[in-house]
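Below is one structure; the comments refer to it alone.
The values are calculated or read from the model by the stated rules, or taken from the named source; none is laboratory data. All of these numbers come straight from a predicted model, not from anything done at the bench. Methodologically, a virtual Cβ is constructed for each residue, glycine included, from the backbone with ideal geometry; neighbour enumeration extends over all protein chains shown. We work out accessible area using only protein heavy atoms, side chains counted, and drop any ligands, DNA or RNA first. Shrake-Rupley method; radii C 1.70, N 1.55, O 1.52, S 1.80 Å.
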Amino acid sequence: MVIYFSGTGNSRYVAEKIAEGTKDDLVSMNRLLKQGSKEELKSENHPFVFVAPTYAWRLPRVVEEFIRNNEFAGSKKAYFILTCGADTSNAVSYVRDLCQEKGWKLQGFAEIVMPDNYIALYEPSGEATTKGIIQRAEPVIQRIVEDIRDGSVMPAFSANGLSGKLKSGVVNEVFYRMFVDAKGFYATNKCISCEKCVKLCPLNNVEMEAGRPVWGKRCTHCMACICGCPQEAIEYKNKTKGRRRYYLQDTYGERK
């Protein structure tokens, strides 16, 4: 079973490729979170494969909480595939701890460099650069598919030394305290009340009031609302004005 969390499409894209290549079931964590589902997830003949983005050099807290709070039956083997803008530093150590908590054998951990989407802090790359990054990711995805399909244990992954431990530890804590907040989001006059942002938010943190979206206190900074808005009518503080939006369409060319 391939279970993914994705804000702007990178991890969904990778998960779709893995599920297709391994002929396995594909499950959207976004959908389960939005529905508040606590259903048991069962995978008898395949390992659990988790695909998620990297938030400040670590598995997103919303993903960790989902895994901790849900029941998984069948397989005791798990693969974790993290998409990232550069690297995952020491994220693997926290994934190992999570697997130990759940009674799983960590069969493999891999990182896949994909286009950066965190426009609250960074300017996304241009279209040509973005296409190049995705093209370079394809053979990496294919190797991961082959390893999972063959049941192979992926090679040991370096934790990236002291620097990696600091980034995945101290810096991650600071990131969540200082940046992960919905207060800076707002809709401009370009908003057409399409409610796409409401549909895209995996935590039901966006609601409509008088035809405009408003944000609550449950935000994970996945950038789904701001990057998925078809009118580019959402901004974050004064940081995103004029910045290119990044949203990787799904297989059918839709923003989901």
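Residues that are of a type outside the set (D, E, K, R) and under 21 Å from the mean Cα position of the chain (by Cα) within region 155-169 comprise PHE157, ALA159, GLY164, SER168, GLY169, listed in sequence order.
Would you mind listing the strands (runs of 3 or more DSSP E) fully within region 1-83 where at least 1 residues are open to solvent by less than 20 Å² (accessible area, probe 1.4 Å), modelled with pLDDT of 95 or more and among the aromatic types (Phe, Trp, Tyr)? So that I can check it myself, show each step before the final result.
Working: elements: 2-4, 26-28, 41-43, 48-53, 72-74.
Those strands (runs of 3 or more DSSP E) span 48-53.
In the condition set (1) part of a helix (DSSP H, G or I); (2) crowded, with 16+ Cβ neighbours inside 10 Å, MET154 is compliant with all but (1). The numbered conditions (1) within 21 Å of ARG12 (Cβ to Cβ); (2) open to solvent by 70 Å² or more (accessible area, probe 1.4 Å); (3) basic (Lys, Arg) are all true for LYS105 except (1). Looking for something within 22 Å of ILE119 (Cβ to Cβ) and free of Cβ contacts under 8 Å to residues at least 60 places away in the same chain - is there at least one such residue anywhere in region 58-81? Yes: region 58-81 contains one or more residues that are within 22 Å of ILE119 (Cβ to Cβ) and free of Cβ contacts under 8 Å to residues at least 60 places away in the same chain. Output the residue which, of all residues in region 173-201 that are touching a residue at least 60 places away in the same chain (Cβ under 8 Å) and within 17 Å of ARG245 (Cα to Cα), is surrounded by the fewest Cβ atoms within 10 Å (Cβ to Cβ). In this case the residue turns out to be GLY184.
Being among the hydroxyl-bearing types (Ser, Thr, Tyr) and at pLDDT below 95 is the filter; apply it to region 108-127 and report the residue that is surrounded by the most Cβ atoms within 10 Å (Cβ to Cβ). Full working, then the answer.
Taking region 108-127 and keeping what is among the hydroxyl-bearing types (Ser, Thr, Tyr), we get 118, 122, 125.
Those left that are additionally at pLDDT below 95: 122, 125.
On the way: TYR122: 13, SER125: 16.
Ranking the candidates gives SER125 first.
Of all residues in region 2-43, those being touching a Ser or Thr at 6+ places or on another chain (Cβ under 7 Å), touching a residue at least 60 places away in the same chain (Cβ under 8 Å) and of a type outside the set (Phe, Trp, Tyr) number 6.
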